[in-house]
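Heads up: the structure comes next, in structure tokens.
The values are calculated or read from the model by the stated rules, or taken from the named source; none is laboratory data. Being a predicted model, the structure only gives us computed values, none of them experimental. Using ideal geometry, Cβ is built from the backbone for each residue, glycine included, and neighbour counts are taken over all protein chains shown. The accessibility values were calculated without ligands, DNA or RNA, using every heavy atom of the protein model including side chains. Shrake-Rupley method; radii C 1.70, N 1.55, O 1.52, S 1.80 Å.
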Amino acid sequence: MPIQVAAFVVAVGVMIGGSYLYMRKQSSASVEEDADSEPDFPTIVAAARAANPGLSFEPGSTRSPAFFRVKERASGRQAQVPSGELAGAKIRFVDCDLGSVAPGLLYPNRSETTCLELRNDQHAMSVYAFTSKDDLEHLLAFYELNVTPEYRLGLYQRRKEQLVTRTRRKEFTHEFIVSYMLWSGGGFVGYSEAKVARASP
């Protein structure tokens, strides 16, 4: 019996040790994947400039920018576009037809509104960008009304968010509701989406 107990203890020890090494390996691989997944912004922006010769692109920050300031040179119209939307993007500034925006997605306290159409490798999206005197908490509270309470974001004291980006889809069906980037003083709001069909390999 003692030999069987000893063998059992050794076997358990080997299993625990193997699991630990496996988890370390998986954790290391995950870190490496995260490092490799950092967007190559110079390449992405160079491609965006080539695809949109009438537009200028300036990063919102020098390191891992969350957005780029996109400006139409001919008209001066501009919008802050989330960096995640730029890869493969074709961007076109358009005259606003705010009647096509669902009332629950049209922020009421806007001062300036600019509209654009954006198409990238993932989707085609109708967007309006706006400025407002309201702070981020008020902007976010408005757009969170489209989400059930348990999934809402909150801005609380001691939290230092300056920028919030989210895409909201209906539960179960995943039907598009809204995609937004909000900050104190304005936002970028994608209010309509069409999926881009991918070519067969």
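Using a probe of 1.4 Å on the protein chains alone, the accessible area found for LYS195 is around 140 Å². Averaging 1/r over each pair of different alpha-carbon atoms in the stretch 74-116 and inverting the result gives 12.4 Å, the Kirkwood hydrodynamic radius. For the stretch 103-144, just say rounded, prolate or oblate: build the C-alpha gyration tensor, square-root its eigenvalues into a ≥ b ≥ c, call rounded for a/c under 1.5, and beyond that prolate if a/b exceeds b/c, oblate if not. In terms of gyration-tensor shape, prolate. For ASP134, the residues whose modelled amide H falls within less than 5 Å of its own, excluding neighbours fewer than 5 places apart on the same chain, are GLY185. Annotation: VAL127 carries an accessible surface of approximately 0 Å², with a 1.4 Å probe and no ligand, DNA or RNA atoms counted.
Charge dipole (Cα centre; +1 on Lys/Arg Cβ, -1 on Asp/Glu Cβ; no other charges) of the stretch 80-136 amounts to roughly 80 debye.
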